[in-house]
Amino acid sequence: MPIVAEWFNSPEVFGAYNPLLQMPKADVEKLFASPNELKLFIVEKKDGTKVGFVAHFCVIHIDGRLLEIGYSFVPNERGKGYCTEAATMMVDYLFLSKDVGRIQAQTDERNVASQRVLEKAGFKKEGVLRRSIFIGGEWRDAYIYSILREEWKEPKILARTA
Ligand SMILES: CC(C)(COP(=O)(O)OP(=O)(O)OC[C@H]1O[C@@H](n2cnc3c(N)ncnc32)[C@H](O)[C@@H]1OP(=O)(O)O)[C@@H](O)C(=O)NCCC(=O)NCCS
């Protein structure tokens, strides 16, 4: 989708704490077919305005795969609770539809807004991934967060259908 490639290449949308992807549209499309199984949901307002995205993907470890989420919203739509709602809904969706016991997320240690979103969506901070993200020409520390199925307990926004 063209708007996704636009956002991935936009320092304003990706903000100060995300590595810019800087890739042509064709390469962005390839991301969706990669072994990471990236799935991205565009968040729209009722009037159809596209305000951001929430995504899930697999992080591949030597002994398995972990499910991770990420998100970004356009600058003039931040601070309205959209990301918290989208992340909470994504957690509901993943625990309802996938056989996983854990969902994780990573944020730059300085990204307080993202950390707040994760806390409000029920994630717990696990620790520091030292020098794990390359942003603005230097390696930065990231915090890793997770929510376990037993902590989630039940859907907060979505409903069970079966
Ligand atoms: C992080 C981001 C997705 C949050 O989206 P959002 O829709 O603004 O999030 P919400 O409105 O649901 O919640 C944001 C929370 O962070 C708080 N917040 C925002 N900026 C903050 C700051 N500089 N310091 C402390 N808290 C901050 C808000 O007050 C709110 O918390 P509250 O409800 O307790 O008041 C958005 O800021 C963004 O797109 N940033 C750039 C890209 C990015 O960093 N993506 C995440 C990478 S891990």
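The values are calculated or read from the model by the stated rules, or taken from the named source; none is laboratory data. Only a predicted model underlies this, so the values are computations on that prediction, with no experimental measurement involved. Reconstructed Cβ throughout: ideal geometry from the backbone, glycine too, with neighbour counts over all protein chains shown. Only protein heavy atoms, including side chains, enter the accessible area calculation; ligands, DNA and RNA are left aside. Shrake-Rupley method; radii C 1.70, N 1.55, O 1.52, S 1.80 Å.
Protein chains only, probe 1.4 Å: how do THR49, THR88 rank by accessible area, largest first?
Putting THR49, THR88 in descending order of accessible area: THR49, THR88.
For the range 1-80, build the convex hull from the C-alpha positions and give me its volume per residue in Å³.
Measuring per residue, one finds 110 Å³ for the Cα hull of the range 1-80.
I'd like to check one number: the per residue accessible area of the chain, probe 1.4 Å, reported in Å² as a whole number.
Solvent-accessible surface per residue comes out at 59 Å².
Along the Cα-to-C-beta direction of GLN104, a point sits 7 Å from the Cα; which residues of the range 50-90 have their amide N less than 13 Å from that point?
From the range 50-90, the list is 57-69.
Would you look at the GNM of the chain, springs on alpha carbons closer than 10 Å, and say which of ILE133, ILE144, ILE60 moves the most?
Between ILE133, ILE144, ILE60, it is ILE60 that shows the largest mean-square fluctuation.
Based on the Kirkwood radius over alpha-carbon pairs, what value in µm²/s does the Stokes-Einstein equation return for the translational diffusion coefficient of the range 63-148 at 37 °C and 0.692 mPa s?
Estimated diffusion coefficient is 239 µm²/s.
Positive end of the charge dipole of the chain (Lys, Arg +1 and Asp, Glu -1 on Cβ, about the Cα centre): tell me which of ASN18, VAL91, GLY137 has its Cα farthest that way.
VAL91
What are the trypsin sites (Lys or Arg not before Pro) within the range 43-100 that DSSP puts in a loop, where the Cβ has at most 12 other Cβ atoms within 10 Å?
The qualifying sites are LYS45, LYS46, LYS80, LYS98.
How large is the helix-only mean residue ellipticity at 222 nm for the chain, computed as the sum of -39500 (n - 2.57) over DSSP H runs with n ≥ 4, divided by its residue count, in deg cm²/dmol to the nearest 500?
When only DSSP H runs of four or more count, the value is -7500 deg cm²/dmol.
Below 14 Å, Cα to Cα, which aspartates and glutamates can LYS45 reach? Residues fewer than 8 away in the same chain don't count.
Within the straight-line limit of under 14 Å, LYS45 reaches these aspartates and glutamates: GLU77, GLU85.
ALA16 to MET1: extension gain in nm, 0.36 nm per residue of separation minus the Cα-Cα distance?
Extra length available between ALA16 and MET1 comes to 3.1 nm.
Calculate one ³J(HN,Hα) per residue across the range 81-93 by plugging θ = phi - 60° into the Karplus curve 6.51 cos²θ - 1.76 cosθ + 1.60, and present them in order as whole Hz with x for glycine and proline.
3J(HN,Hα) across the range 81-93, in whole Hz: x, 5, 5, 4, 5, 5, 5, 5, 5, 5, 4, 4, 4.
Given a cut-off of 29 Å, what percent of all Cα-Cα pairs of the chain lie beyond it?
In whole percent, the share of Cα-Cα pairs in the chain beyond 29 Å is 15.
Would you mind working out the magnitude of the charge dipole of the range 42-162 relative to its Cα centre, with +1 at each Lys and Arg C-beta and -1 at each Asp and Glu C-beta, to the nearest 20 Debye?
Roughly 180 debye, rounded to the nearest 20.
Mind running the shape call on the range 98-151? Use the C-alpha gyration tensor, a ≥ b ≥ c as the square roots of the eigenvalues: rounded below 1.5 for a/c, prolate if a/b tops b/c, oblate otherwise.
prolate
What's the FRET efficiency of ARG130 with LYS39 using the Cβ-Cβ distance as r and R₀ = 30 Å, to the nearest 0.05?
0.55
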